[in-house]
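Some notes on the structure that comes next.
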Amino acid sequence: THILIPAFITSELKTAFQIGFLIYIPFIVIDMVVASTLMSMGLMMLPPVMISLPMKILLFIIVDGWDLVIKNLVSGFR
């Protein structure tokens with residue numbers, strides 16, 4: 001059991017980082033697109049977060065994000 005517990009923990013950490021990375025990348029792309037669009041329109045005083053946060057939430061809902069997260073977590077136990 002001295003090797004089994006650390007192996008399980010590292011396996012779960014690896015799965016968690018993979019899920020986190022896959023969730024994080026589309027949100028970074030949205031931030032970059034919104035920021036560059038606002039800069040090109042000359043709206044420098046408008047914070048990009050005001051535009052990108054609702055877009056991120058909509059993206060997460062549209063792709064059924066919670067279902068994908070739960071499925072990946074459950075598949076990590078199999």
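The values are calculated or read from the model by the stated rules, or taken from the named source; none is laboratory data. Here the structure is a predicted model, which means the values were calculated and not measured. Here the Cβ is made from the backbone with ideal geometry for all residues, glycine too, and neighbour counts use every protein chain on show.
Answer yes or no as to whether residue 62 is under 17 Å from the mean Cα position of the chain (by Cα), loosely packed, with under 10 Cβ neighbours inside 10 Å and not basic (Lys, Arg). Spelling it out, residue 62 is indeed under 17 Å from the mean Cα position of the chain (by Cα), loosely packed, with under 10 Cβ neighbours inside 10 Å and not basic (Lys, Arg). Looking across segment 1-26, the residues that are in contact (Cβ under 8 Å) with a residue 60 or more places away in the chain and farther than 25 Å from residue 56 by Cβ come down to 11, 12.
Filtered by the rule that a residue be under 14 Å from the mean Cα position of the chain (by Cα), under 24 Å from residue 76 (Cα atoms) and surrounded by 12 or more Cβ atoms within 10 Å (Cβ to Cβ), segment 7-58 gives 15, 16, 18, 19, 22, 23, 26, 27. Within segment 7-23, being modelled with pLDDT under 90 and among the aromatic types (Phe, Trp, Tyr) holds for one residue alone: 8. Residues that are at pLDDT 90 or above and among the hydroxyl-bearing types (Ser, Thr, Tyr) are absent from segment 57-75 altogether.
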